[in-house]
Amino acid sequence: MRLLKVFVAVMFVPLLVLPLVVSRSASSQTIAQAPTGFDGKTNGLTDQAAFDADRKAFEERDEIADGLGPVYNAQSCSECHQSPITGGISQVTVLRAGHRDRAGNFVEAPGGSLVHDRAIDARLQEVVTPEEDIRSFRTSLNVLGDGFVEAIDDNTLVDIARNQPRQSGGLINGQVIRVPVLEAPGITRVGRFGWKNQHASLMSFSADAYLNEIGITSFLLPQENTSWGRSVANFDSVPDVEDTDNDIEIFTRFMRATQAPSRDEMLAATPEARAGAQIFNQIGCAICHVPNIVTAPAGTSFNGGAFIVPPALGSKMIHPYSDFLLHDVGTGDGIVQNGGPSTANKLRTPPLWGLRTRNRFMHDGLLLTYDEAIRRHRGEAGQVIQRFNQLTEPQRGQLIRFLRSL
Ligand code: HEC
Ligand code: HEC
C-alpha cells in the first residue's frame, strides 16, 4: 500500500482532485442513500402489493393472440431482464447490423439496425445479408435502480462531462447527447439508457422495447416493424394499437419503483476490497465509472412535466459507477442510433453496480474475465489502463476483489 501511495502522489496529482460526489441543485434538501437490494422489494415509490402486481406485467408472456411479433426477440421483458431477480440481466444478446455509405455514414439494415432473432412465420425470419457488414451483439442491461438514473438532472451529467478533461489531462471527454422523449413531443433530454444512450426516459424505453423486442405496438409507437424492410401486415391478425392495457406505463412504474443493485457487503468490507476501491479511484477508473451521484430534488419537473421527481426518487445518493456518457474506448461497433455520426464508435460507460451478477462483459458480451474486460479498454481510457498495467500483482488482485463486491 505504501508503495502505491508514493506512486500515486508522484504520478497522478491531478487525479486527486476527483470530485467524490456529483450533484446539482440537491444541496438544499437532505440527501439520503437510495435503497438497494436484490430482494424484490419496492423502493417506496409504490407500495409492495402494487409493486408485485406491476412486476407480474413485466413478467407476463405475450402470445400471438396478444400481438406477439410478427418479428420479435422474446415473449416477456423478464425473459431478458431476469437475474438474480426480475429486472436484472440475462445472457440474452440482441443483434444489430448495417453498413456504411460512400460518404462513410452508417446506414441501418433494411427496416432498422435491430435484426430480430425470431418470427411467428418462417417466411418472416430476418437474416443478415453480406452488404450489411457492420454487425454487433448487445448484451441485456440491468434495469434495477433505473428510476434513480432517470431522476438525475441533465446538468449533473453535463457537469461530469465538463470536468473530465481536467481530471485526466485531456484524454477523457465523455459525450452528452440529447434524445427525443416520445411521451413529450418536441422535448429532448440528456440520453442515459441503453448502450448508446439512445433514451432518456423509461417510458420511451418501454415503448421501444415492447415494439422492438416483443412486437407489441403501443400508443407511443403504433406501427409494426417490418421483416427486413417488407411489410408483415398479412401475418398480423391483431389490430394496432396492441398494448390495450397500457402496459408501457406499468413497465415504467415497475422500473421506477425498483431498488438499486446492492453491494456484497461482506466482501466490500474486507481490507483487500477497500484497498481495491482506492486503487479504482486513484488510477482513474472512477473518472468514467463515477461512484457517487445525487438525484434531483423531489418535485423537479422533467420532460415538459411528463415526469415529476417523486419523493422516493428525489435527493438520493446512488453508487452507479457510471457517468452515463458516451466514450470511445477503442471498442466501438460502428453503429449509430440516436446520437448521430460522431457516436458511431462510442459506448455508454456501463454502470458497474450489480457487476457481480454478470459473467459476459462489454457491449458484445465477448469477454469473460474482469482482467480481459479492463485490458480491452483503449482510446480515451488508454492512460488509465497504462496505470492499471503498472500496478503490482497484489494491487491488481485488490482491484479485482473490489469489482467482485459490486
Ligand atoms: C430479447 C431480450 C430483451 C427483451 C425481451 C427486453 N429487453 Fe430490455 N434490453 C435488452 C438489451 C439487449 C438491452 C440493451 C440494448 C442496447 O442498448 O443496445 C436492453 C436495455 C433495456 C433498458 C435500458 C437499461 C439501462 O439502464 O440502460 C431498459 C429500460 C429496458 N431494456 C426495458 C425493457 C422493457 C420494459 C422490456 C419489455 C417491454 C424489455 N426491456 C424487453 C434486451 C431485452
Ligand atoms: C474513458 C472512460 C473509461 C475509463 C477510464 C474506464 N472505463 Fe471501464 N468501461 C468504459 C466503457 C465505455 C465501457 C464499455 C465498453 C464496451 O462495452 O465496449 C467499459 C466497460 C467496463 C467493464 C465491463 C462492464 C460490463 O458490464 O460489461 C468493466 C468491468 C470496466 N469497464 C472496469 C473498468 C476499470 C476497472 C477501469 C480502470 C482500470 C475502467 N473500467 C476505466 C469506460 C471507461
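The values are calculated or read from the model by the stated rules, or taken from the named source; none is laboratory data. Only a predicted model underlies this, so the values are computations on that prediction, with no experimental measurement involved. We place every Cβ from the backbone using ideal geometry, glycine too, and count neighbours over all the protein chains shown.
Summary table
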{"item": "Residues located in the stretch 279-299, provided they are surrounded by fewer than 19 Cβ atoms within 10 Å (Cβ to Cβ) and more than 22 Å from the chain's Cα centre (by Cα)", "result": "A298, G299"}
{"item": "Filter result for the condition that a residue is within 23 Å of the chain's Cα centre (by Cα), within 14 Å of ligand 1 (Cβ to nearest atom), assigned to a loop (DSSP other than H, G, I, E, B) and closer than 25 Å to G186 by Cβ, over S218, S204", "result": "S218"}
{"item": "Unique residue being more than 8 Å from ligand 2 (Cβ to nearest atom) and either of a type outside the set (A, V, I, L, M, F, W, C) or in contact with a Cys (Cβ under 6 Å, 6 or more places away or on another chain) (or both) when the list is E393, E380", "result": "E393"}
{"item": "Candidates E131, E63, E108, filtered to the one that is acidic (D, E) and under 25 Å from T349 (Cα atoms)", "result": "E108"}
{"item": "Set N338, N359: member being part of a loop (DSSP other than H, G, I, E, B), of a type outside the set (D, E, K, R) and either closer than 18 Å to K196 by Cα or touching a Cys at 6+ places or on another chain (Cβ under 9 Å) (or both)", "result": "N338"}
{"item": "Only listed residue being within 30 Å of K346 (Cβ to Cβ), surrounded by 17 or more Cβ atoms within 10 Å (Cβ to Cβ) and within 16 Å of ligand 2 (Cβ to nearest atom), chosen from Q198, Q259", "result": "Q198"}
{"item": "Pair list, Cβ < 6 Å and 6+ apart or interchain, from the stretch 387-406 residues that are touching a residue at least 24 places away in the same chain (Cβ under 8 Å) and over 10 Å from E272 (Cα atoms) to residues that are part of a loop (DSSP other than H, G, I, E, B) and of a type in the set (D, E, K, R)", "result": "S405/R263; S405/D264"}
{"item": "Identity of the residue in the stretch 341-356, on the phi < 0 side of the Ramachandran plot and part of a loop (DSSP other than H, G, I, E, B), that ends up surrounded by the fewest Cβ atoms within 10 Å (Cβ to Cβ)", "result": "N345"}
{"item": "Matching entry among N345, N338 (being closer than 25 Å to N105 by Cβ and at pLDDT below 95)", "result": "N338"}
{"item": "Filter pass, L366 being farther than 24 Å from A273 by Cβ and over 17 Å from the mean Cα position of the chain (by Cα)", "result": "yes"}
{"item": "Condition broken by A381, with the remaining ones in (1) within 21 Å of the chain's Cα centre (by Cα); (2) part of a helix (DSSP H, G or I); (3) at pLDDT below 95 satisfied", "result": "(3)"}
{"item": "Count - residues of the stretch 221-239 that are touching a residue at least 24 places away in the same chain (Cβ under 8 Å) and either part of a helix (DSSP H, G or I) or surrounded by 16 or more Cβ atoms within 10 Å (Cβ to Cβ) (or both)", "result": "10"}
{"item": "Filtered residues of the stretch 205-220 (kept if touching a strand residue (DSSP E or B) at 6+ places or on another chain (Cβ under 7 Å) and either of a type in the set (V, I, T) or surrounded by fewer than 21 Cβ atoms within 10 Å (Cβ to Cβ) (or both))", "result": "N212, I214"}
{"item": "Selection from the stretch 206-224 of residues that are more than 19 Å from F137 (Cβ to Cβ) and not aliphatic (A, V, I, L, M)", "result": "S206, Y210, G215, T217, S218, F219, P222, Q223, E224"}
{"item": "Count of residues meeting criterion [of a type outside the set (A, V, I, L, M, F, W, C), more than 16 Å from ligand 1 (Cβ to nearest atom) and either under 29 Å from A34 (Cβ atoms) or without any contact (Cβ under 8 Å) to a residue 40 or more places away in the chain (or both)] in the stretch 347-386", "result": "9"}
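A quick yes/no check of all residues on (1) closer than 20 Å to Q33 by Cβ; (2) part of a strand (DSSP E or B); (3) out of contact with any His (no Cβ under 8 Å at 6 or more places or on another chain); (4) modelled with pLDDT of 95 or more:
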position: T244; (1), (2), (3), (4): no, no, yes, yes
position: I250; (1), (2), (3), (4): no, no, yes, yes
position: S262; (1), (2), (3), (4): yes, no, yes, yes
position: G276; (1), (2), (3), (4): no, no, yes, yes
position: F280; (1), (2), (3), (4): yes, no, no, yes
position: P291; (1), (2), (3), (4): yes, no, no, yes
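A quick yes/no check of all residues on (1) buried (at least 23 other Cβ atoms within 10 Å of the Cβ); (2) more than 19 Å from the chain's Cα centre (by Cα); (3) within 15 Å of ligand 1 (Cβ to nearest atom); (4) closer than 18 Å to S204 by Cβ:
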| residue | (1), (2), (3), (4) |
| --- | --- |
| P311 | no, yes, no, no |
| S315 | yes, yes, no, no |
| D323 | yes, no, yes, no |
| V329 | no, no, no, no |
